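One structure is given below, encoded as structure tokens.
The values are calculated or read from the model by the stated rules, or taken from the named source; none is laboratory data. The shown structure was predicted, so the numbers you read here are calculated from the model rather than taken from an experiment. Glycine gets a Cβ as well: all are built from the backbone with ideal geometry, and neighbour counts include every protein chain shown. Ligands, DNA and RNA are excluded from the accessible area calculation, which covers all protein heavy atoms including side chains. Shrake-Rupley method; radii C 1.70, N 1.55, O 1.52, S 1.80 Å.
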Amino acid sequence: MPTPHGTTMCRIGDQLLVHVPGDQPAPAEALHEAGLVRRTVADHSDAPLTDREAAPLGSVVGLGGSATVGGVDFALIAGPCAVESHEQMSASVAMARAGGAVALRGGAYKPRSSPYSFQGLGDEGLRIMAKIRAESGLPVVTEVVDAETVDLVAEHADVLQIGTRNAQNFTLLRAVGRAGRPVLLKRGFGCTVGEWLQAAEYVLAAGNPDVVLCERGIRSFEPATRFTLDLSAVAVVKHRSHLPVIVDPSHGTGHRHLVKPLALAAAAVGADGLLVDIHPDPPSALCDGDQALDRDRWFDLADTLRDVLTSLGRRLAPGEPEPAGRAR
Ligand code: PEP
Ligand code: MN
């Protein structure tokens, strides 16, 4: 049977979604006759593969190992903004794990607004992430900033993060769609919910269903916070899409004292998890130290979240003890 131009396929859970663009009922009818179609959905959306109709129960995305986002379990992903050294990442992963994080974050390539700011350790940072992953067994999440380095980053990390500044870099979105790794897709700070879902659609249309959306704040007229964390977008996306959505209250607010209230609000509004900046010594951080939680604040957040989530019928992974000498 000829495949109409622009047809895309994506496996979501146990079903294969075939999107036939435009007004072309014939192929669907032929597939129906062959007994191959479970159901046909009218294409009323400009992001049909991400539409909730494609997987009404919501999808669960594996991050590597037993870590997942979506479903009953609330996923914490924590770590410093930037990879600075093996020692810093080693201390960070112990902290992250003790608080119940299922994955470690850390940027090797940092897309900074100023060319004079710390740009990240680059390849060296990737090697540190891979070493920490091997030593700790925790999946690692790191940002990929251009299509040329997708394969390299995919070799070293479990999850590919697309940052807010690249949220509509369509070449990059297609490239991570082919990389065979789950993708953490930040919302562009100037993007509508519809544009964000269409960005995710690029990744799914390239054959990769494993996309986790991340609300990290949008630009508004309000300078009291670094960005304006749009928690209503979380509720909108949960309604419109089957993809899991997490919230980054660190980049969203820019101030560590605001991270906890916004994190709790994110849990209450129905987010599937959080991406949180933590650092063993925030004053020495080379990037975004003002928004990083220290040990005490991080453990306090995890403890309070556990209570809030229980009352919502959801679960947070229990923290694992830190190596000897660093008891909580
Ligand atoms: C980050 O998470 O390190 C980051 C740079 O975030 P954003 O792209 O949301 O600014
Ligand atoms: Mn940052």
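Given the Cα-Cα distance of Leu152 and Glu87 and 0.36 nm per residue of separation, how much length would full extension add, in nm? Working shown, then result.
Working: separation 65, 0.36 × 65 = 23.40 nm, distance 2.28 nm.
That works out to 21.1 nm of additional length.
With charges set only on the Cβ (+1 for Lys and Arg, -1 for Asp and Glu), what does the dipole of the chain come to about its Cα centre, in debye to the nearest 20? Can you show the working numbers first?
Numbers: 31 positive and 39 negative charges, 80 e Å.
Dipole magnitude for the chain comes out near 380 debye.
Among the trypsin sites (Lys or Arg not before Pro) within the range 152-245, which fall in a DSSP loop and have no more than 16 other Cβ atoms within 10 Å of their own Cβ?
Details: sites: Arg165, Arg174, Arg178, Lys186, Arg187, Arg216, Arg219, Arg226, Lys238, Arg240; in loops: Arg178, Arg187, Arg216, Arg219, Arg226.
Those satisfying the criteria are Arg178, Arg219.
Anyone know which of Thr50, Thr68, Thr171 comes out most mobile in the 10 Å Cα GNM of the chain?
Of the options given, Thr171 has the highest mean-square fluctuation.
Based on the Kirkwood radius over alpha-carbon pairs, what is the Stokes-Einstein translational diffusion coefficient of the range 105-217 at 37 °C with 0.692 mPa s viscosity, in µm²/s?
On the way: Rh = 14.1 Å.
Once the numbers are plugged in, D ends up at 233 µm²/s.
Taking only the alpha-carbon positions of the range 191-328 and ignoring solvent, what does the Debye formula give for the base-10 log of I(q)/I(0) at q = 0.12, 0.13 Å⁻¹?
These q points yield log10 I(q)/I(0) values of -0.54, -0.63.
Over every pair of different alpha-carbon atoms in the range 14-124, take the mean of 1/r and invert it; report that Kirkwood radius in Å.
Details: mean 1/r = 0.0547 Å⁻¹.
By the Kirkwood definition, the hydrodynamic radius is 18.3 Å.
Which lysines have a Cα lying under 17 Å from the Cα of Lys186, excluding residues fewer than 8 positions away in the same chain?
Lys110, Lys238
Probe radius 1.4 Å, ligands and nucleic acids ignored: give me the carbon and sulfur share of the accessible area of the chain as a rounded percent. Provide the component values of the computation, followed by the final result.
On the way: 7640 of 14240 Å².
In the chain, the share of accessible area belonging to carbon and sulfur is 54 percent.
Let me check I've understood the local charge: for Val69, count other residues with C-beta under 10 angstrom from its C-beta, Lys and Arg +1, Asp and Glu -1. What total comes out? Walk me through the numbers on the way to the answer.
Working: positive: none; negative: Asp73, Asp210, Asp272.
Around Val69, the charge tally is -3.
How far, in nm, would the chain grow between Ser117 and Asp303 when pulled straight, counting 0.36 nm per residue and subtracting the alpha carbon separation? Intermediate values should be presented prior to the final figure.
On the way: separation 186, 0.36 × 186 = 66.96 nm, distance 3.43 nm.
Full extension from Ser117 to Asp303 adds 63.5 nm.
Taking the alpha-carbon set of the chain, what are its Rg and Dmax in Å?
19.8, 67
As I understand it, the value is the acute angle between the Cα axis of helix 256-269 and the longest principal axis of the Cα atoms of the chain; what does it come to in degrees, rounded to 10?
It works out to around 30 degrees.
Of all DSSP beta bridges in the chain, what percent run antiparallel (nearest 5)? It would help to have the intermediate numbers written out before the result.
Values: 10 of 38 bridges.
Once the DSSP bridges in the chain are tallied, antiparallel ones form about 25 percent.
Quick check of the Kirkwood formula: for the range 188-236, what is the inverse mean of 1/r over all pairs of different Cα atoms, in Å? Write down the numbers at each step before the final one.
On the way: mean 1/r = 0.0841 Å⁻¹.
That comes to 11.9 Å for the range 188-236.
For the range 153-227, compute Rh as the Kirkwood radius over C-alpha pairs and then the Stokes-Einstein diffusion coefficient at 4 °C and 1.567 mPa s; write the answer in µm²/s, rounded to an integer. If you can, show how the numbers build up before the last one.
Working: Rh = 12.6 Å.
Once the numbers are plugged in, D ends up at 103 µm²/s.
Please calculate the 1.4 Å probe accessible area of Ser90, with all protein chains present, and give it to the nearest 10 Å².
Roll a 1.4 Å probe over it and Ser90 shows about 50 Å².
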